[in-house]
Amino acid sequence: MGHLDHAAFGVLTPALSYLMAVIGAALGLRCTVRALGTTGRSRRNWLLTAASAIGTGIWTMHFVAMLGFAVRGTDIRFDVPLTILSLLVAMLVVGAGVFCVGYGRDRRRALLVGGLSTGVGVASMHYLGMAALRLHGSVDYDPLLVALSVAIAVVAATAALWAALNIRSPLAVAVASLVMGAAVSSMHYTGMLAVGVEVTPATGELPGASAMQFIFPLAVGLGSYLFVTAAFVALSPAAGERAGPGGPVSDASQRRSAATAAPDPRRTPAPTP
């Protein structure tokens, strides 16, 4: 059995991975809050941004943490197509959950269905990413810890969607994001504790790309996307701000203003003969 190190660089990779999870959760929650305050194309666009932010944050968290994963006695490589597929799965399943909440008429049912599908999808992303692992030996899993990691993912996803439906203030979103980041990180490291590796001595070249060749540049790029998108959301005015002084008003306000400005025919004085 090979010796597994989940933090080969010390606390650096766990801390950075947690930060990525928090940023993705905060950004996704803010975008979902914005979406629920709009309609039509604007709601769809905000939900798409929320799905990409949460999915990217979860994926980046996973693979930043994997930068610190090492097994004594073997190098580690990653299958590039499977790794990219895991990113797409993360975005798609999170998108399904977010859209379920954003457009569901029965919010309780939408929350349950969206949380379950998103949680299972997040766990699928994790284990699909683990399937992309290439090393000299075989990998097996503790089924009880795998089941626990899936349960944590479902609870975390449901809590995130509940927060999107019920939390509005920026401070509450920040607190919820810290909790969500901790939940996602817990899911990841619970899943990693389920891993066992039987190393087989070999001298051949492993297929795939190393973490520094592929994972690190991609994680940096996606992390930059999260920071840029967060800046855009922070600078983009909310609906209430757009309707403030000097900004465009809503259709209902325009109708009220027009009705106030229009003369009342009942009060119009009769013409003098």
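The values are calculated or read from the model by the stated rules, or taken from the named source; none is laboratory data. The structure displayed is predicted, hence computed values, not measured ones. All Cβ positions, glycine included, derive from the backbone under ideal geometry; neighbour counts span all protein chains shown. These area figures cover heavy atoms from the full protein model, side chains too; ligands, DNA and RNA do not enter into them. Shrake-Rupley method; radii C 1.70, N 1.55, O 1.52, S 1.80 Å.
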Shape of the range 165-234, Cα gyration tensor, a/c cut at 1.5: oblate
Principal-axis tilt of helix 12-36 within the chain, Cα atoms, nearest 10 degrees: 30
Percent RCO, i.e. relative contact order, over the chain, from Cα pairs under 8 Å lying at least 6 residues apart: 26
Cα-based shape type of the range 17-81, given that a ≥ b ≥ c are square roots of the gyration tensor eigenvalues and the cut on a/c is 1.5: oblate
Per-pair calculated FRET efficiency, R0 = 22 Å: R107 and R168 via Cβ, rounded to 0.05: 0.90
Helix 216-235 vs. the chain, principal-axis angle (Cα, 0 to 90°, nearest 10): 20
Nearest 10 degrees, 0 to 90: helix 40-66 Cα axis against the chain principal axis: 20
Three-way shape call for the range 26-149 based on the alpha-carbon gyration tensor, with the a/c threshold at 1.5: prolate
Computed magnitude of the charge dipole of the chain (debye, nearest 20; Cβ of K, R +1, Cβ of D, E -1): 1660
Solvent accessible area, Å² - L87, 1.4 Å probe, full protein context: 20
Longest exposed-site-free window of the chain, the sites being trypsin sites (Lys or Arg not before Pro) in a DSSP loop that have at most 16 other C-beta atoms within 10 Å: 169-273
Rounded accessible area of V98 (nearest 10 Å², 1.4 Å probe): 0
Listed residues A25, L92, S42: farthest to the positive end of the dipole of the range 1-109 (Cβ charges): S42
Size of electric dipole in the range 1-156: Cβ of Lys, Arg +1 and of Asp, Glu -1, about Cα centre, debye, nearest 20: 920
Efficiency of FRET from Cβ geometry, V175 and D75, R₀ 51 Å, rounded to 0.05: 0.80
Fully extended contour minus Cα-Cα distance, from S124 to T200, at 0.36 nm per residue: 24.7 nm
Candidates A53, A234, A157: whichever shows maximal mean-square fluctuation once the chain is modelled as a Gaussian network with Cα springs under 10 Å: A234
